[in-house]
Amino acid sequence: MRNNDKTQQIFRDAPVPKAVLYNAVPSIVSMLMVLVYNLADTFFIGQTKNPLMVAAVSVSTPVFLLFMAIGMLFGIGGTSLISRMLGEGKKEMAKHISSFCFWTGLVIGVVSMVAVMVFAESICLGIGASNDTIGYASEYLRIVALGIPFLILGNMLSNIIRAEGQATIAMMGMIIGNLVNIVLDPVMILGFGWNVAGAAIATVLGNVFSAIIYIWHLMSRKTMLSVNPRMYSARGHIASGVFAIGIPASLNSILMSVSNIVINSFMAKHGDLALAGLGVAMKVNMIAVMLLIGVGTGIQPLLGYCYGAGNIKRYNSVLKFSLGFAFCLSMAMSAICYLGAAPLARAFLDNDEAFSYAFSFSRILITSGPILGLLFVFMNAIQSMGAAIPALILSVSRQGIIYIPILLTISAVNNTPTNLAMTQPLTDYCAVVLAFVLFMVAHHKYFKKKLENQTA
């Protein structure tokens, strides 16, 4: 049996726990590697004992989120559409979709690379760099810009490959790329003494390796997808289908970037050490967040396949098991991050004042950890049905309509670093309620429409 036939059989026939874990576990491991990749630069920069360098790398985080969002636009949008097409048995259409995502994303990546290299210093000033950190931040960002096309392609292709059930390949690309980054970080930062420049070079090379592995796979005969330019097409609702889900998904990441910029600007008023502490706390919190995102992204192709096939019973069974699994993982990761806040924060920061901020912020941010798994499952379940409007509402609301007013209110009432850090947990609890309501509405509407089309 061909490998892709086997994975399709798992989508269609395997017991629900096996099907969920087959897709979710590699995705969780992939997200763990993304986390390690994000932590590595900060950790090894922290070993220089210069908190200004840590702050500079932290300031650049919103830029990464922005270009990861572009990768997600085509990755999540493409995954949603491809998985539904495969569920409907339209394999040729899946090839057109993957080629469209690849070549459009590549062009955007090259243009973005040039723009960031030219305007690196202005960008850093705009996202919260101080006079003390602007030199480090712009140097880091200008070098990292060289890897933007590969960053976009890596994030895009790792998702698209999951759409056909090849979660293990997606995981391996992420592991290898991030191992390259991790191995090179101490050599270039500490060994060669290149500091932030060394961190940036290691990051670029890691992104390059990941992207090459995915491209190699998509050029092989082991896939139902294609990156052949002759298969490129934006017609037949391909572009609109990708953008319908991809834009809401990317908006969530873009608004996360915007919200990070905004809170960085608020926190910077309390000093560079508070800003460094917040950056580290966000990375500690990401230990839980990234694994839970992995559950959501892992099950989306499976849910999309079930929806495309019109199998509402299997769809609901997959969803229920995924919610239980996500909740258990949420509780476990929240406990780990809360209890391990001190040693984790100390690993990145030597300065006592910056550490104190990081420790306090870490424990505040993780208070929403227990419900984050549910949030990401509902978010991806909405995307799996191609429910564009509910997906858009949720994306715009979480880090925009909900987050910004809460932040502004806290700032106006009692603008302290600790209170500012409360913004994200309060936002997450509001968002999970909204996600549940939107999912119930979408589930009723879209499955009713799907079943009506099947009987027509």
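The values are calculated or read from the model by the stated rules, or taken from the named source; none is laboratory data. Every value quoted in this text rests on a predicted model; they were computed, and no experiment measured them. All Cβ positions, even for glycine, are placed from backbone atoms using ideal geometry, and neighbour counts span all protein chains on display.
Summary of computed values
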read-out: Only listed residue being more than 30 Å from Asn351 (Cα to Cα) and among the small types (Gly, Ala, Ser), chosen from Gly279, Gly298; value: Gly298
read-out: Any hit, region 179-193, residues being over 23 Å from the mean Cα position of the chain (by Cα), surrounded by fewer than 22 Cβ atoms within 10 Å (Cβ to Cβ) and outside any helix (DSSP H, G or I); value: yes
read-out: Considering residues of region 108-140 that are outside any helix (DSSP H, G or I) and touching a residue at least 40 places away in the same chain (Cβ under 8 Å) only, the residue surrounded by the most Cβ atoms within 10 Å (Cβ to Cβ); value: Thr133
read-out: Within region 84-98, tally of residues that are in contact (Cβ under 8 Å) with a residue 12 or more places away in the chain and assigned to a loop (DSSP other than H, G, I, E, B); value: 1
read-out: Residue match in region 147-169 (condition: under 29 Å from Met267 (Cα atoms) and touching a Pro at 6+ places or on another chain (Cβ under 9 Å)); value: no
read-out: Qualifying residue in region 249-259 (condition: part of a helix (DSSP H, G or I), of a type in the set (Val, Ile, Thr) and at pLDDT 90 or above); value: no
read-out: Hey, Ser356 at pLDDT 90 or above and touching a helix residue (DSSP H, G or I) at 6+ places or on another chain (Cβ under 6 Å) or not; value: no
read-out: Residue pairs meeting the criteria (Cβ under 6 Å; at least 6 apart or on separate chains; first buried (at least 24 other Cβ atoms within 10 Å of the Cβ), in region 269-284; second in a loop (DSSP other than H, G, I, E, B) and among the acidic types (Asp, Glu)); value: none
read-out: In region 359-406, the residues that are touching a Ser or Thr at 6+ places or on another chain (Cβ under 8 Å) and basic (Lys, Arg); value: Arg398
read-out: Test for Asp41: is it in a loop (DSSP other than H, G, I, E, B) and in contact with a helix residue (DSSP H, G or I) (Cβ under 8 Å, 6 or more places away or on another chain); value: no
read-out: Enumeration of residues in region 39-68 that are within 26 Å of Trp103 (Cα to Cα) and either surrounded by fewer than 24 Cβ atoms within 10 Å (Cβ to Cβ) or among the β-branched types (Val, Ile, Thr) (or both); value: Thr61, Pro62, Val63, Phe64, Leu65, Leu66, Met68
read-out: Any pair with Cβ under 9 angstrom, 6 or more apart, that starts in region 376-388 at a residue that is at positive phi and ends at one that is crowded, with 24+ Cβ neighbours inside 10 Å and of a type in the set (Ser, Thr, Tyr); value: Gly386/Ser80; Gly386/Tyr307
read-out: Any hit, region 233-243, residues being surrounded by 24 or more Cβ atoms within 10 Å (Cβ to Cβ) and part of a helix (DSSP H, G or I); value: yes
read-out: Any chance Ala56 is farther than 25 Å from Lys222 by Cβ, in contact with a Phe, Trp or Tyr (Cβ under 7 Å, 6 or more places away or on another chain) and part of a helix (DSSP H, G or I); value: yes
read-out: Candidates Ile143, Ile160, filtered to the one that is assigned to a helix (DSSP H, G or I), crowded, with 24+ Cβ neighbours inside 10 Å and β-branched (Val, Ile, Thr); value: Ile160
read-out: Criterion: among the polar types (S, T, N, Q) and part of a loop (DSSP other than H, G, I, E, B) - qualifying residue of Thr223, Thr203, Thr168; value: Thr223
read-out: Of all residues in region 303-321 being in contact with a Gly (Cβ under 8 Å, 6 or more places away or on another chain) and not in a loop (DSSP other than H, G, I, E, B), the one that is surrounded by the most Cβ atoms within 10 Å (Cβ to Cβ); value: Tyr305
read-out: Where Ser30 falls short, out of the listed (1) within 24 Å of Leu392 (Cα to Cα); (2) of a type outside the set (A, V, I, L, M, F, W, C); (3) surrounded by 24 or more Cβ atoms within 10 Å (Cβ to Cβ); value: (1)
read-out: Filter result for the condition that a residue is over 20 Å from the mean Cα position of the chain (by Cα), surrounded by 17 or more Cβ atoms within 10 Å (Cβ to Cβ), closer than 18 Å to Ile393 by Cα and in contact (Cβ under 8 Å) with a residue 12 or more places away in the chain, over Ala442, Ala431, Ala421, Ala435; value: Ala442
read-out: Within region 347-362, considering residues that are in a helix (DSSP H, G or I) and surrounded by 24 or more Cβ atoms within 10 Å (Cβ to Cβ), the one nearest to the chain's Cα centre (by Cα); value: Ser362
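Okay, residues lined up against (1) modelled with pLDDT of 90 or more; (2) of a type in the set (D, E, K, R):
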position	(1), (2)
Arg2	no, yes
Met33	no, no
Asp41	no, yes
Val54	no, no
Val59	no, no
Pro62	no, no
Thr79	yes, no
Met85	yes, no
